[in-house]
Amino acid sequence: MSELIIWTLDWVPARPRGFVRDLRLRWACEEAELPYRVKTVPFDDRETNHLAQQPFGQVPFLSDGELQLFESGACLLHLARKSDQLMPRDPLGEAHTLQWVFAALNSIEMVSVPWWFLKISGEEDNGLAGLTGMRLQQLENVLSERDWLAADRFTAADLLMSDVLRVPEVRSFGNRPATEAYVRRVTNRPAFKRAYADQIAHFEAADRTRT
Ligand SMILES: N[C@@H](CCC(=O)N[C@@H](CS)C(=O)NCC(=O)O)C(=O)O
């Protein structure tokens, strides 16, 4: 089996720790029991210093032997093809997992991230609040009727959707008890806790060497 390497930044400030998207890949590997190593690119000059691996200068990206992939969703689906822990092998279960992976990225994160960025940059009541609230409420309706998004069990779709939803500003948007229970249920998984602790430890170790 080729070696999996998850690439992230060598350091980030305190605020994004625990939310840098390499966590999605660490978590997937932990769930699937896939061995992996973590390597880094510098935080400084990140916009330009690794464009050959990630054309937008972001992380994460993934190496699997000779293969290099960027976009956390694409990397996650690559990992999901390696293990039915992450994606069922039956056509229906797989199709529904893919559907909800895209919903997490394209219907929820696509509105929640711009809304949240505007909010933390001082525009508390910005023009995306209405759309974000509507999407989150629509998802609340789905989650009030089921525990998992696809195949009646945990899949990569839950990993991704809960990662999008667990941002504190998103969690505290409105009263959405089914969503809150879902985020708690999914992030209570030991694999998430290991991935989270490892990311925090990675950036704390970097504090000690950064001058
Ligand atoms: N759509 C990309 C987004 C990646 C992204 O936003 N990465 C952040 C860390 S979570 C980053 O590299 N930020 C640094 C920057 O944009 O300069 C993905 O899902 O991989």
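The values are calculated or read from the model by the stated rules, or taken from the named source; none is laboratory data. Model, not experiment: these values are computed from the prediction. No Cβ is skipped: glycine too gets one built from the backbone with ideal geometry, and neighbour counts run over all protein chains shown.
Consider only pairs whose beta carbons are under 9 Å apart and that are at least six residues apart or on different chains; among these, list those whose first residue lies in the stretch 121-135 and is not assigned by TED's automatic domain parsing to the domain that holds ARG15 and loosely packed, with under 13 Cβ neighbours inside 10 Å and whose second residue is assigned to a helix (DSSP H, G or I) and charged (D, E, K, R).
Partner pairs satisfying both residue conditions: ASP125/LYS119.
Quick one: in the stretch 11-31, which of the residues that are within 12 Å of the ligand (Cβ to nearest atom) and among the charged types (D, E, K, R) is farthest from PHE61 (Cα to Cα)?
Top of the filtered list is ARG15.
Which ones in the stretch 32-41 are near the ligand (Cβ under 10 Å from one of its atoms) and either modelled with pLDDT under 95 or in a loop (DSSP other than H, G, I, E, B) (or both)?
Filtering the stretch 32-41 down to residues near the ligand (Cβ under 10 Å from one of its atoms) leaves 41.
Residues satisfying the conditions do not exist here.
Kindly establish whether PHE154 is at pLDDT below 95 and buried (at least 18 other Cβ atoms within 10 Å of the Cβ).
Numbers: at pLDDT below 95: no; buried (at least 18 other Cβ atoms within 10 Å of the Cβ): yes.
Answer is no for this residue.
Against the definition (within 15 Å of the ligand (Cβ to nearest atom) and either buried (at least 18 other Cβ atoms within 10 Å of the Cβ) or closer than 26 Å to ARG146 by Cβ (or both)), how does TRP100 come out, yes or no? Before the answer, list the steps.
On the way: within 15 Å of the ligand (Cβ to nearest atom): no; either buried (at least 18 other Cβ atoms within 10 Å of the Cβ) or closer than 26 Å to ARG146 by Cβ (or both): yes.
Considered against the rule, which asks whether it is within 15 Å of the ligand (Cβ to nearest atom) and either buried (at least 18 other Cβ atoms within 10 Å of the Cβ) or closer than 26 Å to ARG146 by Cβ (or both), TRP100 comes out as no.
Please find, among SER107, SER112, the residue that is away from the ligand (no atom under 13 Å from the Cβ), within 20 Å of PRO168 (Cα to Cα) and part of a helix (DSSP H, G or I).
Working: SER112 fails: away from the ligand (no atom under 13 Å from the Cβ).
Just a single option satisfies the conditions, and that option is SER107.
Per-residue answers, yes or no, for (1) surrounded by 12 or more Cβ atoms within 10 Å (Cβ to Cβ); (2) part of a helix (DSSP H, G or I); (3) assigned by TED's automatic domain parsing to the domain that holds LEU98; (4) out of contact with any strand residue (DSSP E or B) (no Cβ under 7 Å at 6 or more places or on another chain):
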{"position": "VAL164", "(1), (2), (3), (4)": "yes, yes, yes, yes"}
{"position": "VAL170", "(1), (2), (3), (4)": "yes, yes, yes, yes"}
{"position": "ASN175", "(1), (2), (3), (4)": "no, no, yes, yes"}
{"position": "ALA178", "(1), (2), (3), (4)": "yes, yes, yes, yes"}
{"position": "ALA181", "(1), (2), (3), (4)": "yes, yes, yes, yes"}
{"position": "ARG184", "(1), (2), (3), (4)": "yes, yes, yes, yes"}
{"position": "TYR196", "(1), (2), (3), (4)": "yes, yes, no, yes"}
{"position": "GLN199", "(1), (2), (3), (4)": "yes, yes, no, yes"}
{"position": "PHE203", "(1), (2), (3), (4)": "yes, yes, no, yes"}
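Determine, yes or no, whether ALA74 is over 14 Å from the mean Cα position of the chain (by Cα), within 16 Å of the ligand (Cβ to nearest atom) and surrounded by fewer than 16 Cβ atoms within 10 Å (Cβ to Cβ).
Numbers: over 14 Å from the mean Cα position of the chain (by Cα): no; within 16 Å of the ligand (Cβ to nearest atom): yes; surrounded by fewer than 16 Cβ atoms within 10 Å (Cβ to Cβ): yes.
No, not satisfied.
Looking only at the stretch 1-10, decide whether some residue is surrounded by fewer than 18 Cβ atoms within 10 Å (Cβ to Cβ), hydroxyl-bearing (Ser, Thr, Tyr) and away from the ligand (no atom under 16 Å from the Cβ).
yes
Give the stretch 42-66 a look and list any residue that's within 13 Å of the ligand (Cβ to nearest atom) and farther than 26 Å from ALA156 by Cα, or say none.
Residues of the stretch 42-66 within 13 Å of the ligand (Cβ to nearest atom): 42-51, 53-62.
Hits for the stretch 42-66 are PRO42, PHE43, ASP44, ASP45, ARG46, GLU47, THR48, ASN49, HIS50, LEU51.
Only one of (1) over 18 Å from ARG21 (Cβ atoms); (2) touching a His at 6+ places or on another chain (Cβ under 9 Å) fails for ASP147. Which number is that?
Unmet condition: (2).
Residue pairs, Cβ under 8 Å, 6 or more apart or interchain, first in the stretch 52-75 and without any contact (Cβ under 8 Å) to a residue 12 or more places away in the chain, second within 8 Å of the ligand (Cβ to nearest atom) and charged (D, E, K, R). List them.
GLY57/ARG46; GLY57/GLU47
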